[in-house]
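Before any comments, here is the structure.
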There are 2 protein chains.
Amino acid sequence: MTLDPRTPLGVLGEKALLRHIRARVPAAPGVVVGIGDDAAAVEMAPFALVTTDSLVEGVHFERGSAPPRLVGRKALTVNLSDIAAMGGLARYATVSLCLPAELEVGWVDSLYDGLLGRAAEAGIGIVGGNVTRGRGAIAIDVTLLGDAGRLLLRAGAKPGDRVVVTGRLGASAEGVRLLAEGARLDEEGRLVETGVWTESSADGLVACLRAQLDPRPPLALARSIAERGLARAGMDISDGLSSDLPEICSQSGLTAIVDADAVPVDARAAAFERARGGDPLTLALHGGEDYQLLLAVGPDELPELEDLARVWGIEVSAIGEFVDGEAGEVRLRDAAGERALAPGGHDHFRANPA
Amino acid sequence: MTLDPRTPLGVLGEKALLRHIRARVPAAPGVVVGIGDDAAAVEMAPFALVTTDSLVEGVHFERGSAPPRLVGRKALTVNLSDIAAMGGLARYATVSLCLPAELEVGWVDSLYDGLLGRAAEAGIGIVGGNVTRGRGAIAIDVTLLGDAGRLLLRAGAKPGDRVVVTGRLGASAEGVRLLAEGARLDEEGRLVETGVWTESSADGLVACLRAQLDPRPPLALARSIAERGLARAGMDISDGLSSDLPEICSQSGLTAIVDADAVPVDARAAAFERARGGDPLTLALHGGEDYQLLLAVGPDELPELEDLARVWGIEVSAIGEFVDGEAGEVRLRDAAGERALAPGGHDHFRANPA
């Protein structure tokens, strides 16, 4: 069936949309029954990981500034990041969509371009789905199943362990600011609008916008770290370092001390932030959506972890240490001394009360 | 922490809401890591079932007429029905909520009363969750994992198989009409408003409202039928007989002929519908949300299936047969002759274009 991509879903209808989606989803290894029955049937290891995360229009993305293909990629990526941060290998996903009736089917097709492309890259099968008419915002809910290896939990850090992060922080949060300033990527992640900035900032704009719209968590490195037992605790940074580090501290019964100078701030994000008169460190500490790893690493394991990260071409930074103290507390240390670091990450309910 | 149930979520905040929910979810068998890490870790059989289904305010329920505890029960029930209709045993659920910031935490607590109560009845663990601020309607997305036994697929019906349904049809759709007419149940499923009807209709009102707000699919019977191989194909009736039967026909490459007189119309729903001047058969054929089983049963298996259903106290009706013919077609036979039965079930996008 050839379908005009501008057909509104309200005209197409739910069953036709489901048939259309189903026809696009390929078979995948381990999938015994895929989309189209009451439930999917899949082969699993005796021990499975499950996670669920959503992207909601107006909260996580805006229809006017996020190309739907990239929204689809990110909807899967944020879940891939969770499975990897547990030490697992992602296998199967279900996708539940809540869509307004006036939305054009072409938008859903581009979303699925992104979902299917990211699924192919990650070697996972999309095995189930659901579409519902919503009254307003688009919501994409993905549940991801994975095989568990050696688990990497949030609990388990010991006093003296180093606080380690992968990559550089702040670019994704900077991407949100750049989108608000009119900078835009197209479906393929190419720069099409520079917003308030000039062409001379093009490389930095692309890097920060991609970090926000099409993040690339260090999935393979996460699994390798878990397999080799190189970290005692770990999670991904989704809400921001200052919000996520207290989780490891709280579940491990420890305090963490972070050296301000050691926090790896993304250089391109820092340049934009400084030009704006803002503070790059604040962005890196509180920005969120970095989808990098936050780890508790024993001092003896640190060299091996650094070697492993080098193999994958990923930077790692030791930014502080875990110490005995109040469970869940994080302290920031700089030239001026040491003070409590309050969680400043994203709180969707409070940040933008409806 | 004692929490005023009237606290709006926008005041409470996302992290506090997650902590509050997490504190309420009990441990469950097979759950190695529950809510609170990057993903849950659960024990699984080598072969797993996965399904996902949502309830969205304004589409599946109205805040003013559906008590949140019953919304929570139903959000799980519709997924339990899918796993059972595949022949599986439900094990673990994840719950993803999209909630407006002005919603009071008491509403979420009542929703969880229902989710947790239904989970306890069904012996499943809630292992993961997610909350996001939405811009308008409440959405509850549940993904359910189950152990697969002998699968009961939609494909597999043979010519000569009988079309069999469990229970009686139409009460749930009648419940929607009664809600629109002002009839109401409270959180416990007790009648508190009769709407346009009188107290003399109380029993019928309760039965139809409960069928809509707190459906009880024949979960154990479904699994027994699958285990014993008493049906060659099967699914649950969620969109309505006229929409769901074509699915079995289409996936089995057959036509089905339904005898109008044999369709088991719920007597209480029929009484309301007749009083309103409507047609009870139309309600039973097209109403939807019955969450009964629709099966293809070999003529030799029918007596054993009837015996088994009697053990569970569930009515079964043979309402027609599968025949060679156009794949996916359903024909209705009555005294006036035989004609094509067009799918008239719920299409959320087309029924109520935004």
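Things to note:
- Averaged over peptide A:255-263, the number of partner chain Cβ atoms lying within 10 Å of each residue's Cβ comes to 0.
- Within region A:66-110, backbone nitrogen closer than 15 Å to the virtual label 7 Å beyond the Cα of A:ARG150 toward Cβ: A:86-89
- Charge dipole magnitude, Cβ of K and R +1, D and E -1 - region A:188-334, Cα centre, debye nearest 20: 300
- In terms of other Cβ atoms within 10 Å, A:LYS15, A:LYS158, A:LYS74 run from fewest to most in the order A:LYS158, A:LYS15, A:LYS74.
- Base-10 log of normalised Debye intensity for region B:9-147 (one unit scatterer per alpha-carbon) at q = 0.11, 0.14, 0.21, 0.22 Å⁻¹: -0.37, -0.60, -1.32, -1.43
- Residues whose placed amide H lies under 5 Å from that of A:ALA101, excluding near-sequence neighbours: A:GLY134, B:ALA354
- Region B:1-140: relative contact order in percent, alpha carbon pairs under 8 Å with at least 6 residues between: 37
- With both labels modelled 7 Å from their Cα along Cα-to-Cβ, the B:ALA336 to A:ALA267 distance reads 8.0 nm.
- Rg and Dmax of chain A, both derived from C-alpha coordinates alone, stand at 20.9, 67 Å.
- Extended-chain gain in nm, criterion 0.36 nm per residue less alpha-carbon gap, A:LEU3 and A:ASP324: 109.4 nm
- Among A:GLY234, A:GLY167, A:GLY36, the largest mean-square fluctuation in a Gaussian network model of chain A, built with springs joining Cα atoms closer than 10 Å, belongs to A:GLY36.
- Across peptide A:228-238, the mean count of Cβ atoms from other chains lying within 10 Å of each residue's own Cβ comes to 1.
- Modelled FRET efficiency - R0 45 Å, B:VAL192 with A:GLU187, Cβ distances, 0.05 increments: 0.30
- Charged-residue dipole, Cβ positions (Lys, Arg, Asp, Glu), the protein assembly as shown about Cα centre, Debye nearest 20: 160
- Here the Gaussian network model covers chain B, with springs between Cα atoms less than 10 Å apart; of B:ILE35, B:ILE225, B:ILE314, B:ILE314 fluctuates the most.
- Teacher prompt: A:THR198 distances to equivalent labels in other copies, 7 Å Cα→Cβ, nm: 8.5
- 3J(HN,Hα) along region B:41-58, derived from phi through the Karplus expression 6.51 cos²θ - 1.76 cosθ + 1.60 where θ = phi - 60°, amounts to 10, 9, 6, 10, 6, x, 9, 10, 9, 9, 9, 9, 8, 10, 10, 10, 4, x Hz, with x in place of Gly and Pro.
- The mean number of partner chain beta-carbon atoms within 10 angstrom of a residue's beta-carbon across peptide A:27-39 is 6.
- Candidates A:MET44, A:MET86, A:MET235: whichever shows maximal mean-square fluctuation once chain A is modelled as a Gaussian network with Cα springs under 10 Å: A:MET44
- Span-like helix check, chain A: qualifying full DSSP H segments, with Cα axial length of 18 Å or more and mean Kyte-Doolittle of -1.0 or more, are A:68-85, A:105-122.
- Residue among A:PRO217, A:VAL297, A:SER250 farthest towards the positive dipole end of region A:162-351, charges placed on Cβ: A:PRO217
- Applying both filters, DSSP loop and at most 16 other Cβ atoms within 10 Å, to the GluC sites (Glu not before Pro) of region A:93-129 gives A:GLU102.
- The protein assembly as shown: proportion of alpha-carbon pairs further apart than 49 angstrom, %: 17
- Among the GluC sites (Glu not before Pro) found in region B:1-76, those both in a DSSP coil and sparsely packed, with 14 or fewer other Cβ atoms within 10 Å of their Cβ, are B:GLU62.
Only the coordinates and a few stated rules stand behind these numbers; no lab work does. In this text the structure is predicted, and so the values were computed from the model without any measurement. With ideal geometry, Cβ positions are generated from the backbone for all residues, glycine too; neighbour counts draw on all protein chains shown.
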